Amino acid sequence: MKSQASSKLAEVTFIVLDLETTGASPTTGSAITEIGAIAIRGGQVLGEFSTFVNPEMLLPEYIINLTGITDEMLIDAPSIKEVLPEFMEFIAQHQNVHLVAHNAPFDLGFLKAAANQISYSWPKYEVIDTVKLARRVIDRSEVMNYKLGTLSKFFNTQALPNHRALDDVKTTVEVLHRLIERLAGHQVFTAAELKKFMR
């Protein structure tokens, strides 16, 4: 059986995910309000996950303005205690998984904090940050910055980011595919080569 590291990138299952939250950091009491994810391998969508999460607190006004998510939309949503095991099950049903997010430390920080909060063991997965990857394969002369909206315009993606989890995931999926296309120019074709390249 082929090892995960030697897998070609087309054989890797990328779980592209995005969160909306009540604020900037779980260490300051902010919580998750929405989770979106798409499982994709070789350009084929294998599954989709999307749910609101009741943060058990009122949303700050600037978050309502930014995301369009309101307290009324979250009042009947499940808590993170219910959602996180379901989300982990969604990930675990796939093989050869790499988690992908735009500014991954933000999203993974919230998910790990939520897991810790409910005494849920967080599994170890390879993680790809599309911000970091973009910095490696797109020269600064080509783009003003590496924000998702900027890369969306640069690659002319069909999906547009709008601070809603699943829409931002759909944009990130397109950006990821375009970044992977550029990896060929750096002779990166396998998961192991990508890991080495990202170092």
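Throughout, read-outs are computed from the coordinates displayed, never taken from laboratory work. Bear in mind that the values here come from a model prediction, so they are computed numbers and not experimental data. As a convention, Cβ positions derive from the backbone with ideal geometry for all residues, glycine included, and neighbour counts pool all protein chains shown.
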Using the Kirkwood radius over Cα pairs of segment 16-126, the Stokes-Einstein translational diffusion coefficient at 37 °C and 0.692 mPa s, in µm²/s and rounded to a whole number, is 226 µm²/s
What relative contact order, as a whole-number percentage, does segment 40-117 give when Cα pairs under 8 Å and 6 or more residues apart are counted? 28 percent
Can you tell me the 0 to 90 degree angle between the C-alpha axis of helix 104-117 and the longest principal axis of the chain, rounded to 10? 50 degrees
With the cut-off at 1.5 for a/c, could you classify segment 104-199 from its C-alpha gyration tensor as rounded, prolate or oblate? oblate
Looking at this model, which pairs from 132/196; 147/195; 153/195 are more than 20 angstrom apart at the alpha-carbon? 147/195; 153/195
DSSP-defined beta bridges in the chain - what % are antiparallel, rounded to 5: 70 percent
Principal-axis tilt of helix 165-183 within the chain, Cα atoms, nearest 10 degrees: 10 degrees
Give me 76, 168 ranked fewest to most by other Cβ atoms within 10 Å of their Cβ, as a rough exposure proxy. 76, 168
With a 10 Å cut-off between alpha carbons and a GNM built on the chain, which of 152, 119, 79 moves the most? 119
Would you mind computing, in nm to one decimal, how far apart the modelled labels at residue 189 and residue 162 are, each placed 7 Å from Cα along Cα→Cβ? 4.0 nm
Taking H as built 1.01 Å from N, whose amide H comes closer than 5 Å to the amide H of residue 190, not counting residues under 5 places away? 9
Compute the acute angle (0 to 90°) between the alpha-carbon long axis of helix 80-92 and the principal axis of greatest extent of the alpha-carbon atoms of the chain; round to the nearest 10°. 20 degrees
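Which whole-number percent gives the relative contact order of the chain, counting Cα pairs below 8 Å spaced six or more residues apart? Don't jump to the answer; show the numbers that get you there.
Details: 311 pairs, mean separation 50.5, N = 199.
The normalised contact order for the chain reaches 25 percent.
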List the residues whose amide H sits under 5 Å from the amide H of residue 30, counting only those 5 or more places along or on another chain, with H placed 1.01 Å from N in the peptide plane. 25
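Run lengths n ≥ 4 of DSSP H only: what is the helix-derived mean residue ellipticity at 222 nm for the chain, with -39500 (n - 2.57) per run over all residues, to the nearest 500? Spell out each step's value before the answer.
Numbers: 8 runs with 81 residues, N = 199.
After summing the helix terms and dividing by residue count, I get -12000 deg cm²/dmol.
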Once the in-chain neighbours fewer than 8 apart are removed, the lysines whose Cα is under 19 Å from residue 81 read 112
Just to compare against my own numbers: the Cα pair-distance distribution for segment 9-198, 10 Å bins, whole % per bin, please. 9, 37, 36, 16, 2
Which residue fluctuates most in the GNM of the chain (Cα springs below 10 Å): 88, 57, 144? 144
Would you mind checking which residues have amide H under 5 Å from residue 98's amide H? H placed 1.01 Å from N; only 5 or more apart, or other chain. 13, 14, 15
